[in-house]
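Scroll down for the structure; my scribbles are underneath it.
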Amino acid sequence: MKKVFLSTLLLVLAMMACQSPSFAVGGTEAVPTVDTATVESVPANMPIDANSVNPASQDALVSLYENVSPGVVAIFTGAGQGSGFVFDADGHVVTNYHVIEGFQTVEVRFTSGYMAYGTVVGTDLDSDLAVVKVDVPAEETHPLALGDSSLLKVGQTVVAIGNPFGLESTMTVGIISALGRTLDSQHSTADGTFFSAGDIIQTDAAINPGNSGGPLFNINGEVIGINRAIRTFSQNNEGDPVNSGIGFAISGNIVRRVVPVLIETGNYDYPYLGVSSNSSLTLEAIEELELKQFTGAYVTAVVPGGPADQAGVKEGTEPTGIPGLFAGGDLIIAIDGREVRVFDDLLAYLITNRSPGDTVVLTVLRGEEKMDISVTLDKRP
């Protein structure tokens, strides 16, 4: 378990406070200046050819929208609205848990204008996923293909389609800004500590209230993520959060792993290791801990009786010059032979590749000694 600390940043679930579109109106905004020399250098009667601007990319985006938008839906509840997409021909729709939280029946609106009530058949608080079943004519179901999110690279173009501020079927374009992020999940322990959701995609594609649950596509029109949240400092005149260029999406491979189980059983069990770690240590902390390398997941706490505890993983117990930081813990540098540079790497590997009951091998540095520790995973309590 690792808590994500946001300091003064505001992490906002992207569907909140968005029952109707709002537009900022005011007369005090600064008026942008125009370079008249630049304007006058262009003949007034010159026609503008839209296809002259990178036509290959433009045509690809137009084609993508036309092909996939029929599979994107708007979801309405008594508390707000969000987005979703058609998962299969049986009428299963995937969205965020926080979009439908507190409701068993929701309204689903298709791009054709067709509307139907849907029943929530499965929820996953750990990754903020939910599945809604709708009974609709076959011509209304346009299942979308899932891509392999493990193949993503930072800098690749991505497209979000959803229902921001009630503006249905809105398309925005951006890039993958980072991979392997973590967020707090909606699943907490008995003492109120939240588990972490991992393998999160960060994007600068514009995501706003109402986009939650909608798909994030690669340039081939495959769903590689589900838009979940934004991090922002700003709000509009109505108090709604405003996109800051930092959005987060659940990875497509988590969707691929979790959703079929939600359809079949209604819930999904995540593997549980039972350790806490600091995702980013300062140079001062590394020196205080006397670690032998800069990368790895330093074990700050081990849950008593948990899988890691039973396997002999050690937490830090020796006081250092930094309050609350204790030395002597294991530094996890690999899992099943895969390098662990930060705790996020460890978490992403577990939730996308392992299940409760599986055995993993942690490679750790304990002082000067390097050792392998076998841990049999449990399910999150």
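In 5 Å bins starting at 0, how do the alpha-carbon pair distances of segment 144-265 split up by percent?
2, 11, 21, 23, 19, 14, 7, 3, 0
Starting from the amide H of VAL121, placed 1.01 Å from N in the peptide plane, find each other amide H under 5 Å away whose residue is 5 or more places distant or on another chain.
Residues meeting the amide H criterion: VAL131, VAL132, LYS133.
Mind ordering 115-125, 251-261, 182-192 by average Cβ neighbours within 10 Å, highest first? Let's see the in-between values first.
Details: 115-125: 18.9, 251-261: 21.5, 182-192: 14.6.
Per-residue mean Cβ counts within 10 Å order the peptides as 251-261, 115-125, 182-192.
Can you tell me the order of 215-223, 168-176, 336-344 when each peptide is scored by its average per-residue count of other Cβ atoms within 10 angstrom, highest first? Please list the in-between numbers first.
Numbers: 215-223: 22.2, 168-176: 18.6, 336-344: 16.9.
Sorting 215-223, 168-176, 336-344 by mean packing, highest first, produces 215-223, 168-176, 336-344.
I'm checking a number: the convex hull volume of the Cα atoms of segment 271-379, normalised per residue, in Å³. What is it? Before the final figure, lay out the partial values.
Values: hull volume 9.3 nm³, N = 109.
It is 86 Å³ per residue.
Whole-Hz Karplus ³J(HN,Hα) for segment 270-276, in order, using 6.51 cos²θ - 1.76 cosθ + 1.60 and θ = phi - 60°, x for Gly and Pro?
Running phi through 6.51 cos²θ - 1.76 cosθ + 1.60 with θ = phi - 60° gives 9, x, 10, 9, x, 10, 10 Hz.
Using a simple spin-label model with points 7 Å from Cα along the Cα→Cβ vector, what separation in nm is obtained for VAL361 and GLN58?
Spacing of the two 7 Å Cα→Cβ label points: 5.6 nm.
Sort 132-143, 289-300 by the packing proxy (mean of other Cβ within 10 Å over each peptide's residues), most packed first.
Details: 132-143: 15.9, 289-300: 18.4.
Ranking, from highest mean packing down: 289-300, 132-143.
Using each residue's phi in segment 252-264, evaluate 6.51 cos²θ - 1.76 cosθ + 1.60 at θ = phi - 60° and report the 3J(HN,Hα) Karplus result to the nearest Hz, with x for Gly and Pro.
x, 6, 5, 4, 4, 7, 8, 4, x, 6, 4, 5, 7
Using the Karplus curve 6.51 cos²θ - 1.76 cosθ + 1.60 with θ = phi - 60°, what ³J(HN,Hα) values do you get for each residue of segment 348-358, in whole Hz, with x for Gly and Pro?
4, 4, 4, 7, 9, 10, 10, 10, x, x, 6
In nm, to one decimal, how far is the modelled label at LYS314 from the one at THR376, with both set 7 Å along Cα→Cβ?
Each label point is offset 7 Å from its Cα along the Cβ direction, giving 2.5 nm.
Taken together, the values in this text are just the output of simple stated rules run on the coordinates, not laboratory data. Since this is a predicted model, take the numbers as computed values, not measurements. Positions of Cβ are backbone-derived with ideal geometry, glycine not excepted, and every protein chain shown enters the neighbour counts.
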